[in-house]
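In what follows, a single structure is set out as structure tokens and then discussed.
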Amino acid sequence: MIRIAAVGDIHLGTDCAGVVRERYAKIADEADVLLLAGDLTRLGTLEEAAVVAAELGNLAVPTVAVLGNHDHHGGVDKEIAWLLEEGGIILLEGEAMVLEVGEQRLGIAGVKGFGGGFAGACATEFGEELMKQFVRATRHSAERLADALARLEADYRVALTHFSPTDTTLTGEPVGIHAFLGSYVLGEAVDGELAGVRADLAIHGHAHRGTERGVTAGGVVVRNVAQPVIHHPYRIYCLGGSEMECATGGGEHRGVA
Amino acid sequence: MAEARAYLIERLRERFATDPRLGELGLEVRLVGDIAHVRGQVESEARRQAVVTVITEVAPDLAVRNEVEITDLSPTGGGVERLS
């Protein structure tokens, strides 16, 4: 059994210093890992990133994150990534990692992802160079996610993104902005259509007015953990346990491979 | 006139996103007469109040009905879902 705590879109500002960490004080009793689905900051500044590192780094369980569009707004995303990693947060952008929990291995592949839309209403790599770049950026991100999933040797594989791999978790968002909230190409990666290995669970954020529960076209469970959607510091998803185990038992964290 | 109001709504939404006091992309604005109705969620009371400040700076003639809510910051996690 592996229990995954997840949240996205926490949007910490400098006014959040010293007030967030206590919400995660008991997380080791409830989960084996904390996943952060991007938009950790409000405006993507180094000062905000330092708050994120101080509040969520070096918790009692490993913290694994991807960045979101807000974290890119200040143009210092590489510096933010460095700050977060220095603070004890594992940052994924095309990488894969394995966490050993008891006798089981949890594989996590992460990218920020990008937009482009979903079946019947997608951007196409055609016309102006800027448009082509937009679509290529999403495809490149999806390919990196697919490759990362394919590299994982694990009992369970989780795809962690900021943008959504499905429109089924976007219910509640204006349809006109779906193309800016995710892409079916990310869904193809999650479903194993690009590199042959599918995820068991996809976690994303970004869609503040969306819904928590969805599924990809290929049947992979998707959860939108944007904090305005889940209304809590995190949600917990339990893989491989009985109902009783999931409700009461804690996994034994052994380390990161 | 209708087009001008649509432009104003987007000017407000852009300021909500880029103003350092807010940084919010997800707020919804509707103009009813001379009143701006704003809905959505922010993380703190200061940011909720900043909604009014920003609107007043962009469009001083508008009254504001601030229906923005503060995201639940309960001290515990949000329960367990078993996935099989």
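The values are calculated or read from the model by the stated rules, or taken from the named source; none is laboratory data. Since the structure is predicted, the reported quantities are computational estimates derived from the model, not experimental observations. Quick reminder, even Gly has a Cβ in these numbers, built from the backbone with ideal geometry, and neighbours come from all protein chains shown. Surface accessibility is based on the protein's heavy atoms, side chains included, excluding ligands, DNA and RNA. Shrake-Rupley method; radii C 1.70, N 1.55, O 1.52, S 1.80 Å.
General remarks:
- Antiparallel bridge percentage (DSSP; both residues within region A:2-256; nearest 5): 40 percent
- Zone of residue A:15's modelled label, taken as backbone nitrogen in region A:44-68 under 14 Å from a point 7 Å along Cα→Cβ: none
- For the pair residue B:18 and residue A:153, label points projected 7 Å from Cα toward Cβ lie 5.0 nm apart.
- All other residues whose Cβ lies under 12 angstrom from that of residue A:136 are scored, Lys and Arg at +1 and Asp and Glu at -1, for a net of -1.
- Degrees separating the helix B:45-58 axis from the principal Cα axis of chain B, which is the longest one: 20 degrees
- Across chain A, counting alpha-carbon atoms alone, Rg and Dmax equal 17.0, 56 Å.
- Taking region A:1-31 and a reference point 7 angstrom along Cα→Cβ of residue A:103, the backbone N atoms nearer than 13 Å belong to A:1.
- At the residue level, residue A:131 shows approximately 70 square angstrom of accessible surface with a 1.4 angstrom probe and all protein chains present.
- Taking Cα atoms only, the orientation of helix B:2-18 departs from the longest principal axis of chain B by about 50 degrees.
- Charged side chains reduced to their Cβ positions (Lys and Arg at +1, Asp and Glu at -1) give region B:2-81 a dipole of some 160 debye around its Cα centre.
- Mean-position separation - Cα centroids, region A:195-248 and region A:71-87, in angstrom: 25 Å
- DSSP-defined beta bridges in region B:2-81 - what % are antiparallel, rounded to 5: 40 percent
- Inter-label distance for residue A:121 and residue B:61, nm, one decimal - labels placed 7 Å from Cα along Cα-to-Cβ: 3.4 nm
- Accessible area per residue was computed with a 1.4 Å probe on protein heavy atoms; residue A:101 scores about 0 Å².
- Across B:32, B:68, B:54, mean-square fluctuation computed from a Gaussian network of chain B (C-alpha pairs under 10 Å connected) peaks at B:32.
- Cross-link reach list, lysines versus residue A:132, counting only Cα pairs under 20 Å and skipping chain neighbours closer than eight places: A:112
- Region A:157-257: antiparallel DSSP beta bridges as a percent of all, rounded to 5: 25 percent
- Shape call, region A:75-118: gyration tensor on alpha carbons, a/c limit 1.5: oblate
- Local electrostatic count, residue B:34, Cβ distance below 12 Å [Lys/Arg +1, Asp/Glu -1]: +1
- Here region A:2-256 is treated with +1 on each Lys and Arg Cβ and -1 on each Asp and Glu Cβ, and its dipole about the Cα centre works out to around 320 debye.
- Along the axis of the charge dipole computed for chain A (Cβ charges of +1 for Lys and Arg, -1 for Asp and Glu, origin at the Cα centre), the listed residues A:46, A:80, A:237 are led at the positive end by A:237.
- Rounded, prolate or oblate (a/c below 1.5 giving rounded, otherwise prolate when a/b exceeds b/c) for region A:58-98 by Cα gyration tensor: prolate
- No disulfide-compatible partner, judged by a Cβ distance under 4.7 Å, exists for the following cysteines of chain A: A:16, A:122.
- Shape category assigned to region B:2-81 from the gyration tensor of Cα positions, a/c cut at 1.5: prolate
- Relative to one another, the C-alpha centroids of region A:26-67 and region B:12-38 are positioned 28 Å apart.
- Measuring only protein heavy atoms, the 1.4 Å probe finds residue A:95 accessible over about 80 Å².
- Build a GNM of chain A with springs between Cα atoms under 10 Å apart, and of A:94, A:120, A:75 the one that fluctuates most is A:120.
- Expected 222 nm ellipticity per residue - DSSP helices of 4 or more, -39500 (n - 2.57), all of chain A, to 500: -7500 deg cm²/dmol
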